[in-house]
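Chemist: Take a look at the following structure, please.
The values are calculated or read from the model by the stated rules, or taken from the named source; none is laboratory data. Every value quoted in this text rests on a predicted model; they were computed, and no experiment measured them. Note: ideal-geometry Cβ built from the backbone for every residue, glycine included; neighbour counts use all protein chains shown. Keep in mind that these areas ignore ligands, DNA and RNA; they rest on the heavy atoms of the full protein, side chains included. Shrake-Rupley method; radii C 1.70, N 1.55, O 1.52, S 1.80 Å.
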Amino acid sequence: MGNNSLATSIKEILGRVFCWSTILLVMLTSPNIIAATTGEPTPAGFLPHFESLITLAIVFFAGIIAWLLNHSSATFRATGTSFSALACIAVVVWFYFALQTGVLDNPKPHQVPMDAAKPVLMWIQISVFLIAGLTLFVVAFNQSKSQEILTLTAHNETNRYGQVSRMLHWITAILFIFLIPTGIFSSMIPEDAWYRTEYSIVHKTIGLIVFGLFIARIIWNKKSKRPDLDNSLKPKEQKMAHMAHIALYVLLFFIPITGYIMTSLHGYSSWFFIWEIEPFLSESPAYQFWGFFHKYLLQYLVYIILGGHILGALKHHFIDKHTKALKRMVS
């Protein structure tokens, strides 16, 4: 596919996204569509379905960042990196307001002793977001000095990923990373807090979107073969990278599935924006079994595997000086 055809395709996709976003925006602000609540009523003064509007804005912003990061122009790519930095700082600002709710000091009763570690985990994660945001601002400044033109095809090439794979990768990554601290906070909100349902809608909607993006990426990988691992990696490093990729795919599949089953067995609805999805299983104490996987086992595996994936990529780029390895997916 040539550059003109690719540009036309991207414009068509963005046009469709804009049209559907407009339709959804109209629906969300319609007073005739009222989402059910499980906590206290939402205080007066909030827009109808404001939580779905926030979710839509987060998803749209993630898409814009992914598109900018892989733009042909270095200026646009630097802008995408700046937006990524702003997204990290936005999570830090969100955490500041989360602290004002008092949830971290007075969360809902602990179900297991491990729940006591959640505030510490959040502080660690927010510190990482702050460091990442400041670092990305420096990266964006250095990028702004470049004049390199990035030429990508829609399909994957032998030594790097194409436009579609990169878009799917970065939208998924941005939304998935966003879910980590906000998901912990959602699980700490007391049952009677009015904003409990609103946080659930944001968390569950983005979780379903991440699962959909994962399925789309699996399908695309069948259509467009993934590039082989970089030749500069040692055999042991290639094996570890391959295992990390598989582990991340497994997590992207099982985390939404276990969360959906846990929620249904607990008797709670799931959400996709304004649409409530009733539990598909009868309420059962078995939700604790699925909750162990969703909230604890898989969560800590995410810290280990995702952290190792990111640190490994940075090691190859900055320490081993294998600059081509990182550029296979990021420009």
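Chemist: Per residue, what volume in Å³ does the Cα convex hull of the range 191-331 take up?
Modeler: 152 Å³
Chemist: Can I get the semi-axes of the range 155-253's equivalent ellipsoid? Compute them from the C-alpha gyration tensor as square roots of 5 times the eigenvalues, in angstrom, largest first.
Modeler: Ellipsoid semi-axes (Å, largest first): 34, 16, 9.
Chemist: What part of the accessible area of the range 54-204, given as a whole %, is carbon or sulfur when the probe is 1.4 angstrom?
Modeler: Here carbon and sulfur together make up 73 percent of the probe-accessible area.
Chemist: On to the next question. Hey, could you grab the Kirkwood Rh for the range 108-170? Inverse mean 1/r over distinct alpha carbon pairs, Å, one decimal.
Modeler: After inverting the mean inverse Cα-Cα distance, the result is 15.8 Å.
Chemist: If you filter the range 233-295 for trypsin sites (Lys or Arg not before Pro), then keep DSSP loop positions with at most 16 other Cβ within 10 Å, what is left?
Modeler: Of the trypsin sites (Lys or Arg not before Pro), not one in the loops of the range 233-295 has a Cβ with at most 16 other Cβ atoms within 10 Å.
Chemist: Chymotrypsin sites (Phe, Trp or Tyr not before Pro) within the range 206-291: which are DSSP loop residues with at most 12 other Cβ atoms inside 10 Å?
Modeler: Phe280
Chemist: For the range 92-241, what is the largest minus smallest coordinate of the Cα atoms on each principal axis, given in angstrom and ordered from greatest to least?
Modeler: Sorted largest first, the three principal extents are 53, 37, 32 Å.
Chemist: With +1 assigned to the C-beta of every Lys and Arg and -1 to the C-beta of every Asp and Glu, and no other charges, what is the dipole magnitude of the range 173-234 about the Cα centre in debye, to the nearest 20?
Modeler: Dipole about the Cα centre, nearest 20: 540 debye.
Chemist: Something else: With a probe of 1.4 Å, find how much accessible area the range 46-103 has per residue, and write the answer as a whole number in Å².
Modeler: Value returned for the range 46-103: 41 Å² of accessible area per residue.
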